[in-house]
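One structure is given here, and the rest of the page talks about it.
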Amino acid sequence: MDAKDIEADLIRVHCTEEQIQTRLGELAVEVWDHYEGKDLLLVGVLKGAVMVMADLMRHLPGSAPMDWMAVSSYGSGTKSSGVVRILKDLDADITGKHVLIVEDIIDSGLTLSWIRANLSSRNPASVEILTLLRKPDAAKVEIDTRWVGFDIPNEFVVGYGLDYDEGYRNLRDVATLAPHVYS
Ligand code: PRP
């Protein structure tokens, strides 16, 4: 689905499909160089990171395994509470591995802060973070994020894995959702 297919639901496009692919290509080269000769494991956080993981991996100039976690924030409403429950844990034992967490977006930072602490407690060789998007103005906790695709404004964005009520994940671009859709 392209932005023009759902023009009435969107306010503006932040990152086009082409911009996303170009940036992921750059990041993949940096990641590959950084982990050269090391036991790298890419860890995606369902569901939003599905697109980023698929495209980042295909931009890597060599083979690396992936694993997945699914988490849910406790509490009501749409905002992260920072208290996280694991719905699906990793299949792999990450002891001694270099873990790269792959995310679609860091909003408040609360989810990733918890996930990083949780994975760090399992004796990996290292834990780093790559996120396609980051909203600096929404941060509630500071997270050391090694690779960031794009910093974006604090707006309700959808597409490229990001949803509103499970919709819009298949939009090829990242765009701000029009308020009439959710208000
Ligand atoms: C999104 C996103 C991050 C989290 C970021 O996931 O994928 O995991 O929110 O928010 P935070 O920085 O404020 O903690 P969501 O809970 O919407 O689930 P989803 O990936 O299944 O869409």
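The values are calculated or read from the model by the stated rules, or taken from the named source; none is laboratory data. Only a predicted model underlies this, so the values are computations on that prediction, with no experimental measurement involved. Please note: Cβ atoms are built from the backbone with ideal geometry, for glycine as well, and neighbour counts cover all protein chains shown.
Right, ARG172: in contact (Cβ under 8 Å) with a residue 40 or more places away in the chain and part of a loop (DSSP other than H, G, I, E, B) or not? Give the steps one after another, and end with the answer.
Working: in contact (Cβ under 8 Å) with a residue 40 or more places away in the chain: yes; part of a loop (DSSP other than H, G, I, E, B): yes.
Answer is yes for this residue.
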For MET57: the one exception among (1) more than 25 Å from ASN154 (Cα to Cα); (2) within 16 Å of the ligand (Cβ to nearest atom): (2)
Unmet criterion (only one of (1) part of a loop (DSSP other than H, G, I, E, B); (2) at pLDDT 95 or above) for ILE6: (1)
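Being touching a residue at least 12 places away in the same chain (Cβ under 8 Å), within 16 Å of the ligand (Cβ to nearest atom) and either under 25 Å from ALA125 (Cβ atoms) or of a type in the set (A, V, I, L, M, F, W, C) (or both): is that true of ILE94 here?
No, not satisfied.
Among the listed residues ILE143, ILE129, which satisfies the condition of being part of a loop (DSSP other than H, G, I, E, B), more than 8 Å from the ligand (Cβ to nearest atom) and surrounded by 15 or more Cβ atoms within 10 Å (Cβ to Cβ)?
On the way: ILE129 fails: part of a loop (DSSP other than H, G, I, E, B).
That would be ILE143, the only listed residue that is part of a loop (DSSP other than H, G, I, E, B), more than 8 Å from the ligand (Cβ to nearest atom) and surrounded by 15 or more Cβ atoms within 10 Å (Cβ to Cβ).
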